[in-house]
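Let me begin by presenting the structure, written as structure tokens, before commenting on it.
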Amino acid sequence: QVQLVETGGGLVQAGGSLRLSCAASGSLFSTLVMGWYRQAPGKQRELVATVSRGGATDYATSVRGRFTVPRDNNKNTVYLQMNSLKPEDTAVYYCYTSPPANWGQGTQVTVSS
């Protein structure tokens, strides 16, 4: 099993920045992808950004150029650096690893206008 602990959510004004962290522990030998999804009220969970063990990244179009997803393999930690935040970025952000799919408990990010 893989355990994921997220930190770093909160309230920020539009245009501001936040950095989320997700520390993974447990059976990580097969984990290839780490990243983040988010779910806004009344909407489906959606991909934000992922990074492979080798560093290949994938970003949602809505966050490309504003968010980055660095990963520290030595610490089994993935980050989400969020810049130029917009009110539409407000959501619960979930850490994600695979395979197999594992989810964190979620951390709230609220961007005020």
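Return the residues of the range 26-52 that are more than 16 Å from the chain's Cα centre (by Cα) and open to solvent by 50 Å² or more (accessible area, probe 1.4 Å); say none if nothing qualifies. Scanning the range 26-52 gives Gly26, Ser27, Phe29, Pro41, Gly42, Lys43. The residue list Gln81, Gln44 contains one member that is modelled with pLDDT of 95 or more, on the phi < 0 side of the Ramachandran plot and not in a strand (DSSP E or B), which is Gln44. Taking the conditions (1) touching a strand residue (DSSP E or B) at 6+ places or on another chain (Cβ under 8 Å); (2) surrounded by fewer than 17 Cβ atoms within 10 Å (Cβ to Cβ); (3) within 21 Å of Thr7 (Cβ to Cβ) in turn, Asn73 satisfies each one other than (1). Residues considered: Gly15, Gly55. Of these, the only one that is among the small types (Gly, Ala, Ser), part of a loop (DSSP other than H, G, I, E, B), farther than 16 Å from Gly104 by Cβ and open to solvent by 50 Å² or more (accessible area, probe 1.4 Å) is Gly15. Screening Ala91 with (1) buried (at least 16 other Cβ atoms within 10 Å of the Cβ); (2) within 18 Å of Gln3 (Cα to Cα) gives one miss only, at (2).
The values are calculated or read from the model by the stated rules, or taken from the named source; none is laboratory data. Keep in mind that this is a model prediction, so the values were computed, not measured. Every residue, glycine as well, gets a Cβ built from its backbone with ideal geometry; the counts of neighbours run over all protein chains shown. SASA here: full protein model, heavy atoms, side chains in, ligands and nucleic acids out. Shrake-Rupley method; radii C 1.70, N 1.55, O 1.52, S 1.80 Å.
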